[in-house]
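Data block below; observations after.
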Amino acid sequence: QRVSVEVLDHLEHLALVDFRDSEGVERLQKAIQFADQLHEVNTDGVEPMDSVLEDRCLYLREDNVTEGNCTKELLENAREKVEEYFVAPPGNIPLPKLEERETFLQGS
C-alpha cells in the first residue's frame with residue numbers, strides 16, 4: 001500500500017518523525033500493513049472501552065516528596081526557558097518542503 005505525500009506530511013508533523021528516506025517510508029508501510037490486520041477481527045457487539053483496566057480498581061500510592069528543591073539545577077540543562085519552564089521547539093526535526101517529498105516518493 002502506497003503512502004500519499006499528504007499523509008506522509010501529516011504524519012511527520014504529528015509524530016515529529018522524519019520519513020524522508022526509503023527505509024523510513026518502507027517501515028511506515030509495513031506498520032500500516034500490520035495495523036490493517038485489525039480490520040479482520042470481528043468486533044460486533046463489543047462495547048468500546050476507555051481503558052483495558054476500566055473494570056479494575058487502581059490503587060494509588062501516597063505521593064510523598066522525598067527529594068527536591070533542584071529546579072535551578074534542572075533548568076541549567078535547558079537550551080531555552082521561560083520563567084521556570086523548559087521551552088520545547090515546535091518540531092525537533094527539519095522537515096523538507098512538500099515538493100521535495102513528492103520527488104522522493106516518486107523515486108521509491
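Read the figures in this text as sums done on the coordinates, not as results from a lab. Nothing here was measured: the structure is a model prediction, and the numbers come from that model. No Cβ is skipped: glycine too gets one built from the backbone with ideal geometry, and neighbour counts run over all protein chains shown.
What is the magnitude of the charge dipole of the stretch 1-40 about its Cα centre, with +1 placed on the Cβ of each Lys and Arg, -1 on the Cβ of each Asp and Glu, and no other charges, expressed in debye to the nearest 20?
Numbers: 4 positive and 9 negative charges, 14 e Å.
Magnitude of the dipole: close to 60 debye.
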Worksheet, complete the sentence: Distance in Å, no decimals, from the C-alpha centre of the stretch 4-58 to the one of the stretch 68-87 is 34
Practice prompt. Work out, in µm²/s and without decimals, the Stokes-Einstein translational diffusion coefficient of the stretch 1-66 at 25 °C, 0.890 mPa s, Rh from Kirkwood over C-alpha pairs.
Written response: 154
Practice prompt. Would you mind calculating the gained length between residue 40 and residue 82 on full extension (0.36 nm times residue separation, minus the Cα-Cα distance), in nm to one decimal?
Written response: 10.2 nm
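Just order 59-72, 6-19, 24-37 by mean Cβ neighbour count inside 10 Å, highest at the front, would you? Numbers along the way, then the final one.
Working: 59-72: 5.9, 6-19: 14.4, 24-37: 12.3.
Going by the mean number of other Cβ atoms within 10 Å, highest first, we get 6-19, 24-37, 59-72.
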